[in-house]
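Everything below concerns the one structure shown next.
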Amino acid sequence: MPFNDLDAVAKAVTPKTVAILLEPIQGESGILAATPEFLRGLRRLCDERKLLLMFDEVQCGMGRTGEFLGFRAIAPDVQPDAISWAKGLGGGFPIAAIWARGPYANVLGAGTHGTTFGGTPLACSVALAVLDTLERDGLLRNAREVGEYFIGKLRALSAQCPVIREVRGVGLMIGIEVTLEARPAVLKLAEHGLIGVAAGTNVVRFLPPLNITCADVDEAVEKIGQTFSGSGAK
Ligand SMILES: Cc1ncc(COP(=O)(O)O)c(C=O)c1O
């Protein structure tokens with residue numbers, strides 16, 4: 001369904017609909033944040049039509065937005081019924097998890113959703129170490145503060161760099177929409193020594209480690225400027 005279009009979602013609900021699942025901040029589609037009104041409207045719609053509201057926080061969860069739960073950076077008052085996580089949960093080690101609210105917690109019992117390597121003690125130990133580190137090192141605050149600094153620097157750069165059309169982001173989930181196609185843009189950046197990820201048709205995504213510093217950001221923004229300010233960039 002079109003993102004942030006509550007009427008369109010409401011019209012698509014049929015008697016066969018059981019749930020609405022969305023990323024509160026879309027990653028792959030180009031760093032597009034839900035509006036607070038959209039999330040609140042979806043909650044109301046789900047309550048009225050007896051549907052589950054499920055958030056995919058595989059990319060935006062685990063502190064990336066500066067909040068442990070990504071949607072709370074947008075609408076902290078919204079209560080989803082289920083949330084999924086992966087990526088940041090293992091800090092690079094493969095693990096994923098799902099949470100469901102009280103009444104639905106037993107829908108999936110032990111063994112209902114098994115996988116060969118699911119729930120291994122090693123992966124769970126790694127995830128616990130990641131969670132401890134997030135808390136001990138104040139990485140949520142770092143994601144908020146350095147994310148704001150990064151976005152500010154990119155907006156300042158975009159004022160002198162017409163290739164950058166828009167800068168979007170929440171915490172350290174950041175995208176620049178460029179006038180180039182995303183993939184060649186990412187390759188150009190790599191030539192200057194910076195790794196970005198293509199998203200949507202023309203967005204370069206930055207999902208840096210949550211312990212990145214402002215000095216790291218300065219270096220990155222310099223490389224982004226070198227990449228996209230040259231006359232050949234268009
Ligand atoms: C938002 C989102 N959901 C789900 C997935 C897939 O997760 P997994 O590889 O753990 O199945 C991805 C992977 O990129 C993602 O970005």
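Remarks
Conditions tested, residue by residue: (1) of a type in the set (A, V, I, L, M); (2) more than 21 Å from CYS60 (Cα to Cα).
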{"position": "ARG101", "(1), (2)": "no, no"}
{"position": "TYR104", "(1), (2)": "no, yes"}
{"position": "VAL107", "(1), (2)": "yes, yes"}
{"position": "THR116", "(1), (2)": "no, yes"}
{"position": "ASP137", "(1), (2)": "no, no"}
{"position": "LEU140", "(1), (2)": "yes, no"}
{"position": "ALA143", "(1), (2)": "yes, no"}
{"position": "VAL146", "(1), (2)": "yes, no"}
{"position": "ARG155", "(1), (2)": "no, yes"}
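- Some residue of the stretch 8-23 being at pLDDT 95 or above, hydrophobic (A, V, I, L, M, F, W, C) and within 17 Å of GLY200 (Cβ to Cβ): yes
- Qualifying residue in the stretch 45-60 (condition: in contact with a Cys (Cβ under 7 Å, 6 or more places away or on another chain) and more than 25 Å from PRO209 (Cα to Cα)): yes
- Within the stretch 132-177, the set of residues being surrounded by fewer than 16 Cβ atoms within 10 Å (Cβ to Cβ) and of a type in the set (A, V, I, L, M) comprises ALA156, ALA159.
- Filtered residues of the stretch 49-63 (kept if out of contact with any helix residue (DSSP H, G or I) (no Cβ under 6 Å at 6 or more places or on another chain) and away from the ligand (no atom under 11 Å from the Cβ)): ARG49, LYS50, LEU51, LEU52, MET54
- Residue in the stretch 186-197 that is nearest to PHE71 (Cα to Cα), counting only those that are without any contact (Cβ under 8 Å) to a residue 40 or more places away in the chain and buried (at least 19 other Cβ atoms within 10 Å of the Cβ): GLY196
- A residue that is buried (at least 19 other Cβ atoms within 10 Å of the Cβ) and over 30 Å from GLU37 (Cα atoms) occurs nowhere in the stretch 100-122.
- Some residue of the stretch 72-95 being within 11 Å of the ligand (Cβ to nearest atom), without any contact (Cβ under 8 Å) to a residue 24 or more places away in the chain and either aliphatic (A, V, I, L, M) or surrounded by 19 or more Cβ atoms within 10 Å (Cβ to Cβ) (or both): no
- Taking the stretch 163-181 as the range and being touching a residue at least 40 places away in the same chain (Cβ under 8 Å) and of a type outside the set (Val, Ile, Thr) as the test, the residues that pass are ARG168, GLY169, GLY171, LEU172, MET173, GLY175, GLU177, LEU180.
The values are calculated or read from the model by the stated rules, or taken from the named source; none is laboratory data. Since the structure is predicted, the reported quantities are computational estimates derived from the model, not experimental observations. Neighbour counts are summed over all protein chains in view; Cβ atoms, including those assigned to glycine, are modelled from backbone coordinates with ideal geometry.
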